[in-house]
1. Residues in region 23-42, backbone N under 12 Å from the label point at residue 70 (7 Å along the Cα-to-beta-carbon vector): list them, ranges by number please.
2. Output the relative contact order of the chain, whole-number percent, from Cα pairs under 8 angstrom with separation of 6+ residues.
3. Apply the Kirkwood formula to the chain: the hydrodynamic radius equals the inverse of the mean of 1/r over all pairs of different alpha-carbon atoms; give it in Å with one decimal.
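No lab work stands behind these numbers, since they all come straight from the coordinates. In this text, all values refer to a predicted model and were calculated from it rather than measured experimentally. Ideal geometry is used to build each Cβ from the backbone, glycine not excepted, and the neighbour counts take in all protein chains shown.
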């Protein structure tokens, strides 16, 4: 499916084709507040970080879920670092 993401490398919104599967995505249960990380996905050589609520997912090239140790807290730190 085609989705709109904030591309940190280009510093603008872009569209990407994404498929969310058990092989490439880690979901975090229990998200109830806007801005909480609810999904991280390995996508096109980068890491897609999706937040709960009406936010654009953030794509950071060159990283993967393994770089965050599959942790939503580390993913949030990366998002804050790259997506000012």
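1. 23-28
2. 25
3. For the chain, inverting the mean 1/r across all distinct Cα pairs yields 12.6 Å.
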